[in-house]
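Okay, structure first, notes after.
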Amino acid sequence: MSTDEKLTKPYNPKDTEPRIYDLWEKSGYFSPNRLGRENAEPYTIIMPPPNANGSLHAGHAVFVTIEDLIIRYQRMRGKRALWLPGADHAGFETQVVYEKKLEKEGRTRFGMDRDELYKEILTFTLSNKEFMENQLRQLGASCDWSREKFTLDPKVIDIVYDTFEQLYKDGLAYRGSRSINWCTKHQTSLSELETMSVDREDPLYYMKFGPFTLATVRPETKFGDTALAVNPTDERYKEWVGKEIEFEGLIGTIKLRVIADDYVDKTFGTGVVKITPAHDPNDFAVAQRHNLAVVEVIDQFGKLNEKCGKYAGLKVEEARKIVAEDMKKVGMLVKVDEKYKHAVKVCYKCERTLEPRVLPQWFVRMKPLAEAVIPLVEDETIKFYPDHYKKIMLHWLRNIEDWNVSRQIVWGIPIPVWYRDDEIIVSKDSPVGEDWIKETDTFDTWFSSGQWPFATLGYPDEPDYKNFYPTQVMETAGEIIFFWVARMIMFGKYRTGKLPFKDVYLHGIVTARDGKKMSKSKGNVISPIELSDKYGTDALRMGLIIGNTPGTTTALYEEKIRAYKLFANKLWNVSRYVSDNTEETIAKPRLTEEDEALIKELNGVIHSTTKNLDNYRFYIAAEELYHYVWHNFADIIIEQSKSKLKSEDKVIIESKNYTLRYILMTCLRLLHPFMPFITEEIWQTINYNPSILMVEEWPKA
């Protein structure tokens, strides 16, 4: 097909995009090793690994668009550009997805052989991983597939194990019994970041404990009370501090010591609170300070246990009502405030109320890790975009707590620990001798992904680590700044002595048109892949960039993407006009004053686009290019050129011929990081000796 014939037909993304991606991939230019730039400055982005448990969502489309934009821009700037792709096994998240699959099949993970369950989830994950990677290709991701990593790759696991062993040797990893968040549905502990706080209205029960009246929302935990507490400055109860009270409870005589602790709020209820260390994290902290016993009365399934006498076996909600009714019968219940507003922790996946439990778990001491990076955040050795995230990060780092990294699930990286009697060995290798018991818990998935930048590059000895670490920018969602970004910063500094990246660019949440968060339950989920299929990937990408300021929410809706499909059509038609009405020239002719002014105007666009991209202002750069191409080039320059190309003055014709070609070819290069498919297709079509636009030099003003 001739150039004219090809451009005469309407632009068809479905026909073009797979063919163009195949051209890029076969060129080898996704790899920095194939660029012929051995001495060039490296530029590295490590892809936030999508969970390999389902289709890509709108948030994935945003990060792919932005990161591909950055890497294409830096590749055109002559850098030795590496965008390393990956996928995350996603631990708890993937197991939850698989459990739903089991439920539909009438099965449950409980009672299944651990190895068999692991194999099933692995097969499921690898299948989804391949599917997800093809979707990344559809979105135009120009990443180096030859370097693709998976969080369960043996080399990655070895590095994760080495980090844990080092933490243990340095006294930063330890096993201890502390209050943790327990999900009774999923039967695992969760870190603080995996909880949600929801506001609820519950009854507030006022109970009589001997000479005291106290208020609680949880009368069912009274069987695990080990003290009563008052504020040290509360004159009402000063004489009782240090004494023991005795009274009859529902299942026998109760003896409780009265203690004084600043934790108690004099204005809450009556100023007296019961201390139940096993089932409240604040009470556990009080118990640690006052050497109180920890008595568990609620089991792993959220039921009262044998210590609760006749109430054993009752679920928490049921027990609460029955215990309250029985206290009323014996005169222990003074009154009930029916509408007490308070915050309740729930599981972020199933939204079931979490039950605090005191269990032996593996923890990482985070304070020393945080203290090592706080000065580097303060002096902006690492920079945040938008910059208000610096303050957010510092607040969290300064108030950081120890991290529970144990998960009672099958799917994930097993914690490399062995037990025998009172001995503990932390090692990825099995210890010599008999009777050693292997730890069955797995790591919180954020423990392994927190090491992603240096683990993917082969720390400490592989060439990629030496050539491409530290990386330049970490682009990801602002909502996982604590889950992931903070931990990468701390672990990177701890293991390598260097920060893992120089800049952190945080995009916001993608919402539905009305600004509400997308969710299947609301029925407002929009698939980026479906929009790409319908309007083309370039239109989707422009719709995800324009108006998308860092750290803020951006709405995704069909009409918006349709508008940028019209822009793609406009670019196609402009290119057809230039191709039909001009000829490629080797030498620059003498330009008219009018065309000199047009070139000068274009230089301003080049300068502005370059400056905006260098400063992560993608949304501004995209919008300026959109307006220049549509309103300046198409509406004004092209229209005014029609009479000039019919001039009898050879100088005017040659000047306009050159200028139109120059503007078009420059616009294609400027737009390529944003709209890679259509720009590459036009570039291949109108050049007599086409190169690959993806590795063309970025325009200079």
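Hey, can you tell me all the residues within the stretch 75-132 that are in contact with a Pro (Cβ under 9 Å, 6 or more places away or on another chain) and among the aromatic types (F, W, Y)? Matches in the stretch 75-132: none. When the stretch 180-194 is filtered for residues that are more than 23 Å from D261 (Cβ to Cβ) and part of a strand (DSSP E or B), the ones remaining, listed by number, are W182, C183, T188, S189, L190. Inside the stretch 195-212, residues that are in contact with a Lys or Arg (Cβ under 8 Å, 6 or more places away or on another chain) and either within 18 Å of Q300 (Cα to Cα) or outside any strand (DSSP E or B) (or both) make up a count of 1. Filtered by the rule that a residue be among the aliphatic types (A, V, I, L, M) and under 30 Å from K391 (Cα atoms), the stretch 497-552 gives L499, V504, L506, I509, V510, A512, M518, L544, I545, I546. Considering only residues that are assigned to a strand (DSSP E or B) and hydrophobic (A, V, I, L, M, F, W, C), which ones fall in the stretch 342-363? Passing the criteria: A343, V344, V346, C347, V358, L359, W362, F363.
Of everything in the stretch 558-583 that is of a type in the set (F, W, Y) and either closer than 15 Å to M675 by Cβ or not assigned by TED's automatic domain parsing to the domain that holds H627 (or both), the residue that is surrounded by the most Cβ atoms within 10 Å (Cβ to Cβ) is Y564. Taken as a whole, the structure places T94 among residues that are within 19 Å of W411 (Cα to Cα), among the hydroxyl-bearing types (S, T, Y), in a helix (DSSP H, G or I) and at pLDDT 95 or above.
Of all residues in the stretch 414-439, those that are free of Cβ contacts under 8 Å to residues at least 60 places away in the same chain and on the phi > 0 side of the Ramachandran plot have Cβ atoms under 8 Å from Cβ atoms of residues that are charged (D, E, K, R) and in a strand (DSSP E or B), 6 or more apart or on another chain, in G433/R420; D435/R420.
Of the residues making up the stretch 456-472, those that are acidic (D, E) and not in a helix (DSSP H, G or I) are D461, E462.
Candidates G536, G547, G543: the one that is crowded, with 16+ Cβ neighbours inside 10 Å, among the small types (G, A, S) and more than 18 Å from L668 (Cβ to Cβ) is G543. In the stretch 1-42, the residue that is modelled with the lowest pLDDT out of those that are assigned to a helix (DSSP H, G or I) and among the aliphatic types (A, V, I, L, M) is L7. In summary, helices (runs of 4 or more DSSP H) completely within the stretch 616-692 and bearing 3 or more residues that are in the same structural domain as P589 (by TED's automatic domain parsing) and crowded, with 22+ Cβ neighbours inside 10 Å occur at 618-627, 650-671, 676-686. Residue selection: Y616 satisfies the criterion of being on the phi > 0 side of the Ramachandran plot and either under 39 Å from the mean Cα position of the chain (by Cα) or aliphatic (A, V, I, L, M) (or both). For G59, the requirement of being in the same structural domain as P453 (by TED's automatic domain parsing), surrounded by fewer than 22 Cβ atoms within 10 Å (Cβ to Cβ) and not in a helix (DSSP H, G or I) is not met. How do the pairs read when you match residues in the stretch 484-506 that are under 21 Å from W403 (Cα atoms) with residues anywhere that are assigned to a loop (DSSP other than H, G, I, E, B) and of a type in the set (G, A, S), using Cβ under 7 Å and keeping only pairs 6 or more apart or on different chains? Pairs found: W484/G450; R487/G450; M488/G450; F491/G450. Filtering the stretch 584-600 for residues that are assigned by TED's automatic domain parsing to the domain that holds T666, assigned to a helix (DSSP H, G or I) and under 24 Å from D538 (Cβ atoms) leaves an empty set. There is no residue in the stretch 140-148 that is under 30 Å from I70 (Cβ atoms), touching a Phe, Trp or Tyr at 6+ places or on another chain (Cβ under 6 Å) and either in the same structural domain as S427 (by TED's automatic domain parsing) or assigned to a helix (DSSP H, G or I) (or both).
Checking each residue in the stretch 474-522 for being among the β-branched types (V, I, T) and either closer than 20 Å to E378 by Cβ or assigned to a helix (DSSP H, G or I) (or both) picks out I480, I481, V485, I489, T496, V504. Do we have K315 as basic (K, R) and closer than 17 Å to V217 by Cβ here? When the stated conditions are applied, K315 passes them. Could you check, for the stretch 556-574, whether at least one of its residues is free of Cβ contacts under 8 Å to residues at least 40 places away in the same chain, in a loop (DSSP other than H, G, I, E, B) and either closer than 30 Å to W452 by Cβ or of a type in the set (K, R) (or both)? Scanning the stretch 556-574, I find no residue that is free of Cβ contacts under 8 Å to residues at least 40 places away in the same chain, in a loop (DSSP other than H, G, I, E, B) and either closer than 30 Å to W452 by Cβ or of a type in the set (K, R) (or both), so the answer is no. Restricting the search to strands (runs of 3 or more DSSP E) fully inside the stretch 213-331 and requiring at least 2 residues that are surrounded by 16 or more Cβ atoms within 10 Å (Cβ to Cβ) and touching a residue at least 60 places away in the same chain (Cβ under 8 Å) gives 272-275.
The values are calculated or read from the model by the stated rules, or taken from the named source; none is laboratory data. Keep in mind that what you see is a predicted model, and the values were worked out from it rather than measured. Positions of Cβ are generated from backbone atoms using ideal geometry, with glycine treated the same way; all protein chains shown enter the neighbour counts.
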